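A.B. asks: Sharing a structure, written as structure tokens. Questions coming.
Bear in mind these aren't lab numbers, they're just calculated from the coordinates by the rules spelled out. Quick caveat, the model's predicted, so the values are computed rather than measured. Positions of Cβ are generated from backbone atoms using ideal geometry, with glycine treated the same way; all protein chains shown enter the neighbour counts.
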């Protein structure tokens, strides 16, 4: 064998300890899995009346560009102003009489949305009037459902393909006026989405009658094309009221005498036999009336079963033709599948968003480590190649090295390939997690929004000429160059406290002093609201509403204080000296000092109350630091801990209302000593509990120590059905704590079972 026929490769064996660990992304992938099936979507809702606001929403009647912008400020809304011209609706067919007394039927047709002469609300009221339906009082119980709203749609890609000829994901913030609807090759002059609308209209007319289908609108200016259909459920029912007496028998030939159409039984008995032969017993008459139960059942169970039938009928008669599959029946799902199928609330979305961000950061770190180790491996392979060149001087040595390193080179290449695959997997995971985080951020809003302080003075003085710029000066004094909404609110209330702390002089008129204080407080709050409007956030409106409510409360308290000062002035007019007045004021100052001492005795409780009153908790869950503040304020004794939490919530209620979710979190923290106590008794708190183990355990502790309000709050906050007013009690004195704890645990599991919901699609 010649020397140049020999190829020698150097193989480097890499220790597994230096390679990145396998990244487990299966749980995330399972949650982000997208089904290949294209399902239909049907939502059925019924109500006792149809509002004007609903009608304007469906018809886009009188909607301007400003209306679209206002709608888009609400979380989750994606209204596209540039696609509004694509919206349309179906105008019902009607019968007209010609001059020749012939009846001609004008078939239904497609018209631009909101162009019909009569609005949806007026058409609805007109049909009820034709049916002689008398509206009930607004406060009347058990009002009948007079209208049913069908919302029909399907898979996003399939619906956009039907509407525009191909699947499209529009950017609602861009100009999309260029887009046009796809033609229907089977129906010249029609668009495919228009043909689909006529199929839905024909389906509803066959089920309810055309005169009872009030309107069908197609919205193409939102994320996914969909249809709204308003229907009045009408059925033929026996006319109400007592049916009796006799009526003329149409089968008996008349003798030419005029007789009344209907007579009473007493009148019939007074007739002669020959006259009685012309009558027969009156039969009940049937009339058309509004009847929701005729189509959807009498009970909740029948209603849920009817919704399934409507899904089946819609798929079999219409959507099968358009390539949309029947959705999955939730009654056939497992408990885990139903849990995944449920809609998530805002707090859950926020938790998932934060978790997704955390995992995205971890994935990025792993990707960097993988890339680093891949470079190290490539470097070692290059070093091996360099070593190979040095071995060319000795063919014998090359052959010996080649035989020894033959296996190791394959191992090194396999290791390199594996590391490259891990690197690509980590990059894909990072991309998926970042996308998940962006979607969740759109759902809950960005809580860290901040703006620069520069330039806000001009805005404040423009909208409030009487302003002294106290809020901005407060922020500048703290050295802030940027501010958040919470900074603005806290600065405003600090300035309000300064105004309230001002003391009235003996020689100052109380009425004038009160007026000046109120004006100063209103000016500060006007400045705050002016600054808040500059934030582009969905939370501004709610914060402004709450700030106004708090200001009103502060002004009322200020007025009470001024009335007390007026009483002091009256005492002075009655002969009380300045010295005696100073004594009275000294007593008031002593009271303030005592109040301060009382606050210092239990500082942890005041710190906890400050945490609970923070408006941030209305949208987000407590962090670990906030929970620790609550724990420090509570007793170590299980029962006293829950009692302290109730006292704390009553104290906070005097300041502001907090959400049930926050109340549930406080009760959970307070129940921790009770849970530990029950566990020491020997009760397995995890037994028979699949989900929300901690919540069920906290509910058990509340029931065991006699705090029903805490148990009900926790269960309802996490989707449970809640409980009743019957608190579990020990049956007899001979029942031990462990047996009673088991009964409380059984009731807690029942309280956390989801309350009955109607399945709609």
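A.B. asks: So, R0 is 22 Å and r is the distance between the beta-carbons of residue 498 and residue 457; what FRET efficiency does that work out to, to 0.05?
C.D. replies: Numbers: r = 19 Å, r/R0 = 0.87.
After rounding, the FRET efficiency stands at 0.70.
A.B. asks: Same structure again: In nm, to one decimal, how far is the modelled label at residue 293 from the one at residue 468, with both set 7 Å along Cα→Cβ?
C.D. replies: 6.9 nm
A.B. asks: Another question, then. Going by how many other beta carbons lie within 10 Å of each one, how would you line up 199, 62, fewest first?
C.D. replies: Starting with the residue having the fewest Cβ neighbours, the order is 62, 199.
A.B. asks: Can you sort 203, 707 by how many other beta carbons sit within 10 Å, fewest first? Can you show the working numbers first?
C.D. replies: Numbers: 203 19, 707 23.
The fewest-first ordering by Cβ neighbours comes to 203, 707.
A.B. asks: OK, next. Find, to one decimal place in angstroms, the Kirkwood hydrodynamic radius of the stretch 244-283, where the mean of 1/r is taken over every pair of different Cα atoms and then inverted.
C.D. replies: On the way: mean 1/r = 0.0982 Å⁻¹.
After inverting the pairwise mean of 1/r, the radius is 10.2 Å.
A.B. asks: With label points built 7 Å along Cα→Cβ from the Cα atoms of residue 262 and residue 694, find their separation and express it in nm.
C.D. replies: With each label placed 7 Å out from Cα toward Cβ, I get 6.9 nm.
A.B. asks: What FRET efficiency would be calculated for the residue pair residue 235, residue 77, taking the C-beta separation as r and a Förster radius of 35 Å, to the nearest 0.05? Don't skip to the end; give the middle numbers.
C.D. replies: Working: r = 37 Å, r/R0 = 1.06.
Once rounded, the FRET efficiency stands at 0.40.
A.B. asks: Note down the nm distance, to one decimal, between modelled labels 7 Å out along Cα→Cβ at residue 149 and at residue 132.
C.D. replies: Once both label points are built, they end up 3.1 nm from each other.
A.B. asks: While we're looking at this one, here's another question. Once fully extended, how much extra length lies between residue 275 and residue 85, figured as 0.36 nm per residue of separation less the alpha-carbon to alpha-carbon distance?
C.D. replies: Full-extension gain reported as 61.4 nm.
A.B. asks: On to the next question. For 522, 466, 191, what ranking results if the residue with the fewest other Cβ atoms within 10 Å of its Cβ goes first?
C.D. replies: Working: 522 15, 466 10, 191 21.
By the 10 Å Cβ count, ascending: 466, 522, 191.
A.B. asks: Assuming 0.36 nm per residue, please report the length gained on full extension of the stretch residue 104 to residue 305 beyond their Cα-Cα distance. Kindly include the intermediate steps, with their values, before the conclusion.
C.D. replies: On the way: separation 201, 0.36 × 201 = 72.36 nm, distance 4.00 nm.
Once the chain is fully extended between residue 104 and residue 305, it gains 68.4 nm.
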